Each structure stands twice: as structure tokens, then as C-alpha cells.
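> Dumping the structure here so I can ask a few things about it.
The values are calculated or read from the model by the stated rules, or taken from the named source; none is laboratory data. Remember, predicted model here, so these are calculated numbers, not experimental data. Counting neighbours? That spans all protein chains shown, and the Cβs are built from the backbone with ideal geometry, glycine included. SASA here: full protein model, heavy atoms, side chains in, ligands and nucleic acids out. Shrake-Rupley method; radii C 1.70, N 1.55, O 1.52, S 1.80 Å.
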Amino acid sequence: GAVVSQHPSWVICKSGTSVKIECRSLDFQATTMFWYRQFPKQSLMLMATSNEGSKATYEQGVEKDKFLINHASLTLSTLTVTSAHPEDSSFYICSGTYSGYYNEQFFGPGTRLTVL
Amino acid sequence: AQKITQTQPGMFVQEKEAVTLDCTYDTSDQSYGLFWYKQPSSGEMIFLIYQGSYDEQNATEGRYSLNFQKARKSANLVISASQLGDSAMYFCAMRDIMDTGRRALTFGSGTRLQVQP
């Protein structure tokens with residue numbers, strides 16, 4: 001299957017700082033990327049959908065000014081958590097898919113964010 | 001709107017036995033896909049099996065099979081000959097598979113499976 005990487009795999013930061021998480025499709029061009037958040041012992045919840053070259057579409061309740069998503073190329077999407085607070089501590093997972101292939105999304109390994 | 005329900009928060013199974021993880025869904029979409037993912041403690045999401053709403057036969061992938069009952073809106077995962085390495089969280093998910101439809105996955109709450117020696 002296609003490979004998606006995420007960097008960093010884990011990050012610890014102080015409250016009030018910004019953190020950038022990168023999601024890369026290594027062997028395919030991801031026309032659409034998705035960002036999910038998973039709190040401990042809970043399911044994955046979609047945060048936003050981003051199409052290359054377009055503004056991201058955020059799910060209801062997700063603050064677009066706090067979670068900045070950029071999908072500038074077909075292989076890279078970034079999620080920036082601005083002015084992070086302890087309640088933003090979570091596991092963030094991206095996935096990618098490409099046009100014409102509807103059966104599977106390819107997930108990254110996830111990034112564990114801890115805000116002190 | 002799509003909804004996935006997994007009613008088993010946790011399941012135990014003896015090694016080498018089969019286990020069924022339940023999943024029911026609700027959707028107004030005519031064409032949709034159903035997925036099962038495995039999430040070990042490392043956190044990565046591992047794709048296991050896919051069933052399309054128009055597929056007449058139940059999907060199988062090695063030791064995994066999907067018991068798809070469209071009229072009952074259920075898509076249960078059957079794992080045969082359980083192994084210790086199968087211990088993980090299992091998520092049922094669905095999405096619209098039309099090109100113009102919502103392509104993000106909707107996940108259930110998950111079932112934690114523990115395989116006992």
C-alpha cells in the first residue's frame with residue numbers, strides 16, 4: 001500500500017507556543033488529505049479535509065484559526081496548532097487519498113502532542 | 001449523516017479461536033464503503049478489510065472476513081484463528097464512495113480485543 005509519513009512522531013511543548021505537524025505522502029500524490037484527532041481511549045474524529053491548492057474544510061466545532069492547515073503540494077500537508085493549550089494534547093493522525101481511488105485512505109503513523 | 005456503532009467496548013478471545021466484532025451503521029447514502037482498521041498500542045492505523053455496499057459477496061482477506069448484512073446494516077468483522085498479535089483496538093468505519101460525496105471516514109467508538117494464551 002501507499003506510504004504516509006508524519007513528523008514529528010511526538011512533541012512536548014509549553015502552553016502558548018505553536019506546533020507544526022507535517023504529513024507527507026511518500027509514493028503517491030495525495031489530492032486530498034484528512035486530519036483526525038484522537039483523545040485517549042476514544043475514536044478518531046475528523047478535524048478537517050484539505051485538497052491540494054485549496055483552503056481546508058473544517059468540521060463543525062474545530063477552530064480554523066487555531067488549527068491551521070496548509071496543503072501546498074500533492075505530497076505535503078501541514079497542521080499548525082497555534083497557541084497550544086493543555087486541552088489540545090491529543091494524538092493527531094493524517095491520511096491521504098488520491099483521485100479515482102476510493103477504496104482506501106492511507107494513514108500516517110500519528111503525532112502525539114503533549115502541551116504542558 | 002453517517003453513524004457507526006460498535007457496542008462491544010472490549011472483547012476477550014482465546015488464542016486460535018475465532019472472534020466476531022460487531023459493527024452496525026446508519027447512512028442515507030446509496031453507495032458507501034465499509035472498512036475495518038486495527039490500531040495497536042503504537043497508534044498506527046492498519047487497514048484490514050473493505051466492503052462496498054454493492055458487493056454481493058462478503059469480503060475476505062486472509063484470516064479476516066466481513067459478514068455484511070445490508071438489510072440489517074451490519075458489517076461484523078470475523079477474525080479466525082486468533083493470534084496474540086491480534087490484541088489491539090479495532091475500528092469500524094464508513095465513507096461515501098461517490099466521487100462527489102464526503103470522502104472522509106466516519107469511525108465507530110472501537111472495540112479493544114485481547115487475545116489470551
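> Chains A and B: buried accessible surface, both sides, probe 1.4 Å, rounded to 100 Å²?
Numbers: alone 6540 and 6500 Å², together 11410 Å².
Roughly 1600 Å².
> Right, next: Can you give me the solvent accessible area of residue A:104 with a 1.4 Å probe, rounded to the nearest 10 Å²?
30 Å²
> Mind giving me the FRET efficiency for residue A:73 and residue B:14? R0 is 45 Å, r the Cβ-Cβ distance, nearest 0.05 is fine.
Plugging the Cβ-Cβ distance into 1/(1 + (r/R0)^6) gives 0.40.
> May I ask you to give the solvent-accessible area per residue for the protein assembly as shown, in square angstrom, as obtained with a 1.4 angstrom probe? If you can, show how the numbers build up before the last one.
Numbers: 11410 Å² over 233 residues.
Accessible surface, normalised per residue, equals 49 Å².
> Here's a follow-up. Report, in debye and to the nearest 20, how large the dipole of the range A:48-99 comes out about its Cα centre when Lys and Arg carry +1 and Asp and Glu carry -1 on their Cβ.
Working: 3 positive and 6 negative charges, 30 e Å.
Charge dipole of the range A:48-99: 140 debye, to the nearest 20.
> Further, regarding this structure: Setting aside same-chain residues fewer than 8 positions from residue A:55, which lysines have a Cα under 21 Å from its Cα?
The reachable lysines, counting only those whose Cα sits under 21 Å from residue A:55, are A:20, A:64, A:66.
> So, one more: Tell me, what is the Rg over Rh of the range B:6-117, with Rh the Kirkwood radius over Cα pairs? Walk me through the numbers on the way to the answer.
Values: Rg = 13.8 Å, Rh = 14.3 Å.
Ratio of gyration radius to Kirkwood radius for the range B:6-117: 0.97.
> Further question on the same structure: Heavy-atom accessible area of residue B:3 with all protein chains present, probe 1.4 Å, nearest 10 Å²?
Around 130 Å² of this residue is reachable by solvent.
> Leaving ligands, DNA and RNA out of it, report the carbon-plus-sulfur percent of the accessible area of chain A at a 1.4 Å probe. Let's see the in-between values first.
Details: 2950 of 5730 Å².
Here carbon and sulfur together make up 52 percent of the probe-accessible area.
> Out of A:32, A:82, A:49, any idea which swings most in a Gaussian network model of chain A, alpha carbons joined below 10 Å?
A:82
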